[in-house]
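The values are calculated or read from the model by the stated rules, or taken from the named source; none is laboratory data. Small disclaimer: the values here were computed from a predicted structure and weren't measured. Note that each Cβ is placed from the backbone with ideal geometry, even for glycine, and that neighbours are counted across all protein chains shown.
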Amino acid sequence: MHQEQRRAVIKKNLIILMNRCVSHVPIRTCVSCRSKKGKMELIRLVINKDNSVVIDNLKRQNGRGIYICNDAACMERFFKKRGLNV
Ligand SMILES: [Zn+2]
C-alpha cells in the first residue's frame, strides 16, 4: 500500500514537471488567422500611432504588440484588412 502511494506521488510530480515544460513556451494567437502557435513561430509586430508597422525583432519594443504567423499571405491579409502601412 505504501509503495502504491509513493508511486502515485511520483506520478503526480512527473505530471507537474511535464506541465511546467509545456507551459514554458508561451502560446500566442495570430491576429490574422487566429491560429495558436508558440511564441517562436510567430513574429511580433508593433503598430505605431501613425499606423505604420515595424517588426519587433527583439520582442521588447514599446507600443501595441501583436503576433502574426511568419507567413507572407497571413501578413498581407491582415495588413489589407486593417489598412496598415508596411
Ligand atoms: Zn496566421
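The set of residues from segment 9-27 being at pLDDT 85 or above, basic (Lys, Arg) and within 30 Å of Leu42 (Cβ to Cβ) is empty.
Contact map, segment 30-58: residues that are without any contact (Cβ under 8 Å) to a residue 60 or more places away in the chain and part of a helix (DSSP H, G or I) paired with residues that are within 15 Å of the ligand (Cβ to nearest atom) and of a type outside the set (Lys, Arg), Cβ distance under 7 Å, separation 6+ or inter-chain. Pairs shown: Glu41/Asn70.
Scanning segment 16-35 for residues that are surrounded by fewer than 11 Cβ atoms within 10 Å (Cβ to Cβ) and either touching a His at 6+ places or on another chain (Cβ under 7 Å) or within 10 Å of Ile68 (Cα to Cα) (or both) yields one hit, Arg34. In segment 25-34, is there at least one residue being under 20 Å from Ala72 (Cα atoms) and charged (D, E, K, R)? The answer is yes; a qualifying residue exists.
Evaluating Arg6 against the criteria (1) more than 14 Å from the ligand (Cβ to nearest atom); (2) charged (D, E, K, R); (3) at pLDDT below 90 leaves one unmet condition, (3).
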